[in-house]
Amino acid sequence: MNAMYAPDFAVKDSKDMVQGREQVFRPAAGTMVVFPSWLMHSVRPYLGTHERVSVAINLSLVPAPLTA
């Protein structure tokens with residue numbers, strides 16, 4: 001499982017209920033979790049029998065120029 005912690009960050013669930021400061025995500029096929037790099041995060045050791053795939057990317061968003 002993956003875990004993330006941020007003291008100044010809260011997540012709301014589908015019922016608009018605020019969750020705790022730590023969120024644990026159980027991996028599922030076809031699911032991608034995207035989060036900012038400054039967020040403290042960890043991954044537990046993989047003990048499965050299939051190949052583990054891990055993808056990490058850096059993304060910078062640049063505002064589009066204003067058109068007159």
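Among the residues making up segment 4-44, those that are among the small types (Gly, Ala, Ser), at pLDDT below 70 and surrounded by fewer than 10 Cβ atoms within 10 Å (Cβ to Cβ) are SER14, GLY20.
Residues checked against (1) of a type in the set (A, V, I, L, M, F, W, C); (2) in contact (Cβ under 8 Å) with a residue 12 or more places away in the chain:
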| residue | (1), (2) |
| --- | --- |
| PHE25 | yes, yes |
| ALA28 | yes, no |
| VAL34 | yes, no |
| LEU39 | yes, yes |
| VAL43 | yes, yes |
| LEU47 | yes, no |
| GLU51 | no, no |
| SER54 | no, no |
| VAL62 | yes, no |
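The values are calculated or read from the model by the stated rules, or taken from the named source; none is laboratory data. On a predicted model such as this, the values are computed, not experimentally measured, just so you know. Counting neighbours? That spans all protein chains shown, and the Cβs are built from the backbone with ideal geometry, glycine included.
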